[in-house]
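One structure below.
Quick note: the coordinates plus some simple rules give every number you see, no bench work behind them. None of these values were measured; they are calculated from a predicted model. We place every Cβ from the backbone using ideal geometry, glycine too, and count neighbours over all the protein chains shown.
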Amino acid sequence: MSIPTPTPHNTASAGEIARTVLMPGDPKRAAYVAKEFLTEARLVNDVRGVQGYTGLWKGREVSVMASGMGIPSIGIYAWELFEGYGVQRILRIGTAGALADDLQLKDIVLAQGACTDSYFMNQFKLPGSFAPLGSYRLLEAACAAAREKGLPVRVGNILSTDRFYSASPEDNDQWKRMGVLAVEMEAAGLYAVAAYHGKEALAICSISDHLYREGQLSPTERAESLDRMIELALEASTMDNG
Ligand code: HPA
């Protein structure tokens, strides 16, 4: 089955979106990536202000479009991109809150897998629990790009939760106990939708806060760490030739 384009949440025509899409949560960050990192970038979607741009990075076509916040939101956009627009791979670029003691603010985590407390997975009617995994090819490309840049990254499991604010914050202790590195709100949904469509996905997360420690980034530190993550995602997408 294929969704006709334009879709309910995307006014781009077929062919206006590249096979590789970078996906930040924040529409303003999508505009920032397009303006600061791509050449010949043009706006291809603006439904609900979820800006999508297509341009060139090192001569290769790439799109960047926001996902909004949470699994239901990224689920919509990823589904339409994979099924409607023939997108082959989505690299989420987002922030995450650290669980692991040895993670620091500004560290970069590549999500090899993403646990979730979301009900989203139930739609797949699996007789067990699905383990949402990032694309090995993209993970390998991101690791290689990080090595080339001399940029330290952590690879491991994250949690994609439905709750930013929680009446049961102690739940984090159990995930931390299982070696889960950090918490965000989208990757597991993206990985499941990619798996369902036979496509590739990877979440690259910049640590913006620590759930067990005080401290926050200055605006300059935040901007620098986001730039590093964006470059890493672009390099990873370039190194992947499929
Ligand atoms: N929880 C969920 N998502 C997040 C967090 C958090 O603490 N920090 C950044 N994204």
In whole Å, what are the Cα extents of region 140-242 along the three principal axes, biggest one first?
45, 38, 22
Going down the table (K28/K125; K35/K149; K35/K176; K58/K149; K58/K176), which pairs top 27 Å between alpha carbons?
K28/K125; K35/K176; K58/K176
Gain in length, K58 to Y136, computed as 0.36 nm per residue apart minus the alpha-carbon separation, to one decimal in nm?
25.8 nm
Can you give the local net charge around S166? Use residues other than it whose beta-carbon is closer than 13 angstrom to its beta-carbon, Lys and Arg +1, Asp and Glu -1.
-4
At a threshold of 8 angstrom on Cα-Cα distance, excluding pairs fewer than six apart, so keeping six or more, what relative contact order does region 20-237 reach in percent?
27 percent
Which of the trypsin sites (Lys or Arg not before Pro) found in region 182-229 are loop residues per DSSP with 15 or fewer other Cβ atoms within 10 Å of their Cβ?
R213
Y53: net charge of surrounding residues, Cβ under 13 Å, Lys/Arg +1, Asp/Glu -1, itself excluded?
-1
Under a GNM of the chain (C-alpha, springs under 10 Å), which listed residue has the highest mean-square fluctuation: Y191, Y165, Y53?
Y165
For K106, K149, what ranking results if the residue with the fewest other Cβ atoms within 10 Å of its Cβ goes first?
K149, K106
Quick one: M23, M121, M178, fewest Cβ neighbours within 10 Å first, how do they rank?
M178, M121, M23
So between D101 and M178, what do we pick up on full extension, going 0.36 nm a residue minus the alpha carbon distance?
26.4 nm
By the Cα gyration tensor axes a ≥ b ≥ c (a/c under 1.5 gives rounded; else a/b larger than b/c gives prolate, otherwise oblate), the shape of the chain is oblate
Once each part is reduced to its C-alpha centroid, what is the distance from region 90-159 to region 39-71 in angstrom?
22 Å
With the 8 Å Cα cutoff and a minimum separation of six or more residues, region 74-203 has a relative contact order in percent of 42 percent
